[in-house]
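The values are calculated or read from the model by the stated rules, or taken from the named source; none is laboratory data. Not measured: the values here are computed from a predicted model. For neighbour counting, all protein chains shown are included, and Cβ atoms are generated from backbone atoms with ideal geometry for every residue, glycine included.
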Amino acid sequence: MISPFQRALIEFALDNLVWFMLVFVLAIFSLTIPNFFQIGIFANIVEQSTFVGVMAIGLAIVIIAGHMDLSVESVAALSAMITGILFCSHGIGQGYTLTPAWLVIPVAALIAIFVGGVIGAMNGWLVVKLQMNAFIVTLASYIWVRGLVVAISGGRSAQDLAPPLRFIGIETMGFIPLIAWIAIICFVVFTFIMGRTPFGRHVTMIGGNAVATFRAGIKVDQLVLLTFVLAGAIAGLAGLLLAIRTSGATANLGTGMLFNAFAAVVIGGVSLKGGVGRLPGVYAGVLLLSSIHTAINLMGLPAHYTQVILGALVLAAVLLDTVKLSIKQMLA
Amino acid sequence: MNRIRRLLISSLALTAIGLASPALAQSKGTIYYMVPTLLDEFQTESVSAIEKFLKDVGYDAITLNADNKTDLQQSQMNDTILLKPAAIVLAAVDFNALQPSIEKARAAGIPVIEFDRQITATPSDFTSVAGTIEIGQVAAGEIQRLLKEKNGEVKGKILQVLGDPADPYSLDIQKGFEDKMKEFAGVTIISLPALQWAPENAGTIVSDQMVANPDIDLIFLHAAHLSVAAVAALEAKGKKPGDVMMISSNGAPVGLDLIRKGWLNVEVEQPLYAQAAAVAMFADKVVNKQEIKAGTYKVLGLDSVVTIEAWGPNIKIPGAAITKDNVDEPRFWGNLKAPADKIVPVE
C-alpha cells in the first residue's frame, strides 16, 4: 500500500518523465562528450529547438483535438519564402522597406501568421465542413504548398533579410538568442491557453470524446476548425523564425522538419489518439531531440545515426507512455 | 464578286503559308531532360540553359523533375522510353540505381546523355560533366593556398559541411577534397553532413562547431546555398566577414553575393552553362549515332576535353575558382547571364 505522498510523487515523476530524460541525457553528454558542457552549447540547443518547437505547438494542439496536420512543414516553408521574397534584398528578394524600419517585424509576423492561418483554415474547412479525413487533407496540403514554394520562388533563393529582422536572429538576452525567447514565450502562452482556459479544456475534451463533448453543448466543429487555423498560423510563425535564422529562404528550407515535430510531440507525451498531452512536455521533447542532434554533431558521428536514434527514441517514448498508463491504472 | 474571290484567294494563301511555316521550322525531335530536383538553383538554371541551348540546335526540350526520388526518376525513364524521344538527357538522382534504366533506353534505340552526374558503370552515348571529384580537388587547392597565406604553411582546422549523406554528388566532392588534403598532417578536417541539403541543418552544424571548436580556420561547404545559413550562424556568434575563411562549391548566385560581401573567399564553380552547351553541341551526333572524336573542343570559350572512356564519349569542362577578383565575369552561371549567342552544333 502506498501513501498519498508516494502516489503524488510517482504521478509527478510520470507526468514529467520527458524532463527527467532530458536532464539525464544532458548529464551523460556533458560527462562523455568533449566540449559539450558549456553555456554556448546549451544556448545552441535552445536556439535550435526554436523552429521545430514552435511548429510542434500547433501540431500538438491539433493532435490533442483528435486530428492530424501534416502540412505544417510546407506551411512554414511558404511563410519563410514569402517573407524572404518581400523583405530580402538579394536573390529573388524584392527588398521592401518600411518606415520606421522596425515596422518590418510586426508586418512580417502578421503576413507569415496570416499565410499560415489561411492554409490552416482551408484544411480545417475541408475536415470539418466536408468531413474529409484530416490525414489526407493535410497530406495534400503538405504536397501542394511545397509545390507552391517552388513555383513562387522558381527554385531560387532569397538572401539578406532586412536588418531589423536579422537583429532577432543575432542578438541574445541572458545568453539565450532572442529568437529562442520567442519560442519560449509561445510555449508559455499556449501552455496557459491549453491548461487554463475553456478553449484548451474543450479541445482536450474533443480529442478524448468528440461526441460526448458535442452533447455537452460545446461547438465541436468551430473549435476543431480553430485548431487547424492555429496550427497553420503557428507554422507560419515558425517559418518566419526559420527565415530569420537563415537570413533568407531556399526552396528546400525546413525539409524533414515535420518528422522532427512529430517525434517531439510523441516523445513529449501527446497521445496520437487525442485528448492527452501537455505542451511543456512537447518542449522537453524538442530540447531532447536538439540535444541529441548537437551531441551527434560534436561527436562527429555520421548523420544517419541521428535518424536511427530518433526512431529509437520515438519507439521508446511510445513504450514508456504505455508503461506510464499501466502504472497510472494500477495507482487508480 | 471579284472582291470575294480576292478575299478567298488571300485566305487560301495565308492558310498555305500557315501550314508551311511549321514545316519550315520543323523540330529535329524532342529531347527529355531528367532533372533530379528543382530545389536548388543549379538545377533550376540547368533547366533554362538546357532548354534554350537544345532549342538553338533545333530540338524541343521537355523537362521532368524527379524531386530527388530515385524511384520516381526510374518511372519517368520508363515512361519516356515509351514515347520514343530523340534522346534523353539524364542528371541522375542516384548514379547506380539508374543504370538499368539507361540500359533499357539504349536497348530501345534511344540515346542517353549524362549531364552533370557521371555514370561509369554502364555505357552512355555522351557525358558532359565538370567532375565532382575534381570540384573537391579544386577546392583542396584553394584551401591549401588560403591556409598557407594565413598560417605560413598548410596547417589548421577545417570544418567540412557536406550535403545529404545519401547523395553521391557530395560524397564525390568529399573524396576529391580529402584525397588531396591527406598529405598535410597539420590539417584537421571535421566532416559533418547537412541532412537533405537543408540550409538550417548546415547553420546548426556551424553554430555547434564554432562553440566546440572556436579555432576553426576555414569552413568548406558543398553547396553555396548552405553557406548562406552558415554565414547567418557566424553572424549570430558575433563574427564578421573574414574572421573565418569560407569556401563553397557549385557557383550559385548566393555564393557570388557572399564573395562580394567578403564572407566567402572562394566559390568553386560548376560550369553549368558550358556543361549544358556541350550537350547541345553534340546533340546531333548523339541523336544520329555519329562518331564523337576525342580531342579538345571550345565550349563557350572554355577548353574542354573529350575522351573516349569505357562508358562512352566524355567531355570534361574545367571548373573555375571564383574569387573577389573575377566574381563579376558573365561566364559564371551564378551571374545568371546565359550566353545570348546561338549554340552551333559540332561538325
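Quick one: what pairs do we get from segment B:35-48, first residue farther than 21 Å from B:Met77 by Cβ and facing chain A (nearest Cβ under 7 Å), second surrounded by fewer than 24 Cβ atoms within 10 Å (Cβ to Cβ) and at pLDDT 90 or above, C-beta under 7 Å, 6+ apart or different chains?
So the pair list comes out as B:Glu41/B:Pro253.
Filter segment B:26-52 down to the residues that are among the hydrophobic types (A, V, I, L, M, F, W, C) and not in a loop (DSSP other than H, G, I, E, B), then identify the one that is modelled with the lowest pLDDT.
Result: B:Phe42.
Exactly one of (1) buried (at least 24 other Cβ atoms within 10 Å of the Cβ); (2) free of Cβ contacts under 8 Å to residues at least 12 places away in the same chain; (3) under 30 Å from B:Val129 (Cβ atoms) is unmet by B:Asp208. Its number?
It fails just one condition, (3).
Looking at segment A:217-236, can you tell me whether even one residue there is within 12 Å of the chain's Cα centre (by Cα) and within 14 Å of chain B (Cβ to nearest Cβ)?
No, the conditions are met nowhere in segment A:217-236.
Here are some residues: B:Leu195, B:Leu159. Which one is buried (at least 21 other Cβ atoms within 10 Å of the Cβ), in contact (Cβ under 8 Å) with a residue 24 or more places away in the chain, within 11 Å of chain A (Cβ to nearest Cβ) and out of contact with any Pro (no Cβ under 8 Å at 6 or more places or on another chain)?
B:Leu159
Which numbered condition in (1) crowded, with 20+ Cβ neighbours inside 10 Å; (2) more than 14 Å from every other protein chain (Cβ to nearest Cβ); (3) farther than 30 Å from B:Asn213 by Cα; (4) out of contact with any His (no Cβ under 7 Å at 6 or more places or on another chain) is the only one that A:Ser74 fails?
Among (1) crowded, with 20+ Cβ neighbours inside 10 Å; (2) more than 14 Å from every other protein chain (Cβ to nearest Cβ); (3) farther than 30 Å from B:Asn213 by Cα; (4) out of contact with any His (no Cβ under 7 Å at 6 or more places or on another chain), A:Ser74 violates only (2).
Mind checking which pairs have a first residue in segment A:125-136 that is under 15 Å from A:Leu70 (Cα atoms) and in contact (Cβ under 8 Å) with a residue 40 or more places away in the chain and a second that is of a type in the set (Asp, Glu) and part of a loop (DSSP other than H, G, I, E, B), Cβ under 9 Å, 6 or more apart or different chains?
Going by the 9 Å Cβ cut-off, the qualifying pairs are A:Ala134/A:Asp69.
Identify, from the list B:Gly136, B:Gly152, B:Gly141, the residue that is in contact with a Lys or Arg (Cβ under 9 Å, 6 or more places away or on another chain) and surrounded by fewer than 21 Cβ atoms within 10 Å (Cβ to Cβ).
B:Gly141
Is at least one residue of segment B:166-179 surrounded by fewer than 20 Cβ atoms within 10 Å (Cβ to Cβ), assigned to a loop (DSSP other than H, G, I, E, B) and in the same structural domain as B:Val244 (by TED's automatic domain parsing)?
Yes: segment B:166-179 contains one or more residues that are surrounded by fewer than 20 Cβ atoms within 10 Å (Cβ to Cβ), assigned to a loop (DSSP other than H, G, I, E, B) and in the same structural domain as B:Val244 (by TED's automatic domain parsing).
Would you call A:Thr255 touching a residue at least 24 places away in the same chain (Cβ under 8 Å), part of a loop (DSSP other than H, G, I, E, B) and within 14 Å of another protein chain (Cβ to nearest Cβ)?
It is true that A:Thr255 is touching a residue at least 24 places away in the same chain (Cβ under 8 Å), part of a loop (DSSP other than H, G, I, E, B) and within 14 Å of another protein chain (Cβ to nearest Cβ).
Please pick out the residue among B:Lys298, B:Lys285, B:Lys342 that is out of contact with any His (no Cβ under 6 Å at 6 or more places or on another chain), farther than 21 Å from B:Val35 by Cα, modelled with pLDDT of 95 or more and of a type in the set (D, E, K, R).
Residue meeting the stated conditions: B:Lys285.
For segment A:89-123, name all the residues that are among the aromatic types (Phe, Trp, Tyr) and either under 18 Å from the mean Cα position of the chain (by Cα) or surrounded by 16 or more Cβ atoms within 10 Å (Cβ to Cβ) (or both).
Within segment A:89-123, just A:Phe114 meets the criteria.
Considering segment A:238-252 alone, what residues qualify as being within 9 Å of another protein chain (Cβ to nearest Cβ) and assigned to a helix (DSSP H, G or I)?
A:Leu242, A:Ile244, A:Arg245, A:Thr246
When only residues in segment A:155-181 that are on the phi > 0 side of the Ramachandran plot and exposed (fewer than 15 other Cβ atoms within 10 Å of the Cβ) count, which is nearest to the other protein chains (Cβ to nearest Cβ)?
Only one residue fits best here, namely A:Phe175.
Does B:Ile113 meet the test of being surrounded by 22 or more Cβ atoms within 10 Å (Cβ to Cβ) and in a helix (DSSP H, G or I)?
no
For residues that are buried (at least 24 other Cβ atoms within 10 Å of the Cβ) and in contact with an Asp or Glu (Cβ under 8 Å, 6 or more places away or on another chain), scanning just segment A:259-280, find the one that is nearest to the other protein chains (Cβ to nearest Cβ).
Ranking the qualifying residues of segment A:259-280, first place goes to A:Ala261.
Might you let me know whether segment A:263-278 holds any residue that is among the basic types (Lys, Arg) and not in a loop (DSSP other than H, G, I, E, B)?
Checked segment A:263-278: no residue is among the basic types (Lys, Arg) and not in a loop (DSSP other than H, G, I, E, B).
Give, as residue ranges, the strands (runs of 3 or more DSSP E) completely inside segment B:250-347 that count at least 3 residues that are surrounded by fewer than 17 Cβ atoms within 10 Å (Cβ to Cβ).
It comes to B:295-299, B:302-309.
Would you confirm whether or not segment B:224-235 contains a residue that is over 24 Å from B:Gly262 (Cα atoms), of a type in the set (Ser, Thr, Tyr) and either away from chain A (no Cβ under 14 Å) or outside any loop (DSSP other than H, G, I, E, B) (or both)?
Scanning segment B:224-235, I find no residue that is over 24 Å from B:Gly262 (Cα atoms), of a type in the set (Ser, Thr, Tyr) and either away from chain A (no Cβ under 14 Å) or outside any loop (DSSP other than H, G, I, E, B) (or both), so the answer is no.
Please report, ordered by residue number, the helices (runs of 4 or more DSSP H) entirely within segment A:73-178 with at least 1 residues that are over 16 Å from A:Leu240 (Cα atoms) and in contact with a Leu (Cβ under 8 Å, 6 or more places away or on another chain).
Those helices (runs of 4 or more DSSP H) span A:104-128, A:134-153.
Looking only at segment B:59-89, which residues are without any contact (Cβ under 8 Å) to a residue 40 or more places away in the chain and either in a strand (DSSP E or B) or in contact with a helix residue (DSSP H, G or I) (Cβ under 8 Å, 6 or more places away or on another chain) (or both)?
B:Asp60, B:Ala61, B:Ile62, B:Thr63, B:Leu64, B:Asn65, B:Ala66, B:Gln73, B:Gln74, B:Asn78, B:Ile81
Under 9 Å between Cβ atoms, which residue pairs at least 6 apart in sequence (or on different chains) link something in segment A:18-45 that is away from chain B (no Cβ under 14 Å) with a partner that is surrounded by 17 or more Cβ atoms within 10 Å (Cβ to Cβ) and not in a helix (DSSP H, G or I)?
Pairs that qualify, where the first residue is away from chain B (no Cβ under 14 Å) and the partner is surrounded by 17 or more Cβ atoms within 10 Å (Cβ to Cβ) and not in a helix (DSSP H, G or I), are A:Val18/A:Gly268; A:Val18/A:Gly269; A:Leu26/A:Phe36.
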